[in-house]
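Quick notes on the structure that follows.
The values are calculated or read from the model by the stated rules, or taken from the named source; none is laboratory data. In this text the structure is predicted, and so the values were computed from the model without any measurement. No Cβ is skipped: glycine too gets one built from the backbone with ideal geometry, and neighbour counts run over all protein chains shown. Each accessible area value is taken on the protein alone, full model and side chains, heavy atoms only, with ligands, DNA and RNA left out. Shrake-Rupley method; radii C 1.70, N 1.55, O 1.52, S 1.80 Å.
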Amino acid sequence: MTSDNSAATPDFSVVVPVFDEGGAAPALAREIAAAFAGESYEMIFVDDASRDDTKALLTALKAEIPQLRVLGHRKNSGQSRSIRSGILAARAPIVVTMDGDGQNDPADAPRLAKALQAAPVELALVGGERVKRQDSNAKRFASKFGNGVRKRLLKDTANDTGCGLKAFRREAFLRLPYFDHIHRYIPALMLREGYEIAFQPVNHRHRETGVSKYTNFGRLKASVSDLFGVMWLQSRARNPQGVDEA
């Protein structure tokens, strides 16, 4: 079944946050279109007030890819806010997110989305776990260390929460408390709400253009306060185990 930007509700919404990714975004959009060919889907690129031609290049691509929607922040607000803007605009019940730098492989995205679509409603997220990561040794070490600490403290079962490729139920995401950098804590927050989560291995590729928007120190600085904040949220959660109407 094919889809366009008509009023029909698609099965999947692919949300991609981008900031100064003019070199990667058009090729990534074409790869997403190829991966989801024959599926009912839309793709939403959220430009986070890029300083380059990212938004213009994507807008020009809409004539080639009718499923493409392009949103733009008026002010740079970060990756988590971009993801949330895309999810708020999404029309499908299942959202797939991926990073805008091209390191996530779009060929893996339909597999995660369909696994979630076929699962019971209790399963709210199927996350990717990057294998053979194509990053520097320092970045891999920092990520492994950070993932180990977070997993031990939050007990979220996620080996690679930093992987941008995730499929989750839109309704479940909108139940989560929003804060900056939430995208690294979605598994823990899904568990907090009483949902089930699962993970599948996914490919990881070299960055071909642009530069990373994060440094190891920047990640550490943000993650410390975020980690304690999520631990506090977990401590204050009370799960009713479902709601029944009489």
#### Entry: Filter pass, E21 being out of contact with any Lys or Arg (no Cβ under 9 Å at 6 or more places or on another chain) and in a loop (DSSP other than H, G, I, E, B)
yes
### Summary
Residue hits (segment 1-22; over 19 Å from the mean Cα position of the chain (by Cα) and either modelled with pLDDT under 95 or surrounded by 24 or more Cβ atoms within 10 Å (Cβ to Cβ) (or both)) are M1, T2, S3, D4, N5, S6, A7, A8
### Message
Taking the condition of being open to solvent by less than 10 Å² (accessible area, probe 1.4 Å) and either on the phi > 0 side of the Ramachandran plot or assigned to a loop (DSSP other than H, G, I, E, B) (or both), how many residues in segment 25-47 meet it?
### Response
2
### Message
Can you tell me how many residues within segment 48-71 are among the small types (G, A, S) and open to solvent by 40 Å² or more (accessible area, probe 1.4 Å)?
### Response
3
### Message
Cβ contacts < 7 Å: first residue at pLDDT 95 or above, restricted to segment 34-47; second residue of a type in the set (D, E), any location; separation 6+ or different chain. Result?
### Response
E39/D11; S40/D11; Y41/D11
### Task
Mind listing whichever residues of segment 193-218 are modelled with pLDDT under 90 and over 17 Å from the mean Cα position of the chain (by Cα)?
H206, R207, E208, T209, G210, V211, T215, N216, F217, G218
### Task
Quickly run through segment 109-128 and pick out the residues that are buried (at least 16 other Cβ atoms within 10 Å of the Cβ), free of Cβ contacts under 8 Å to residues at least 60 places away in the same chain and either touching a strand residue (DSSP E or B) at 6+ places or on another chain (Cβ under 8 Å) or of a type in the set (S, T, Y) (or both).
L116
### Task
Hey, can you tell me all the residues within segment 67-122 that are among the basic types (K, R) and outside any loop (DSSP other than H, G, I, E, B)?
R69, R81, R84, R111, K114
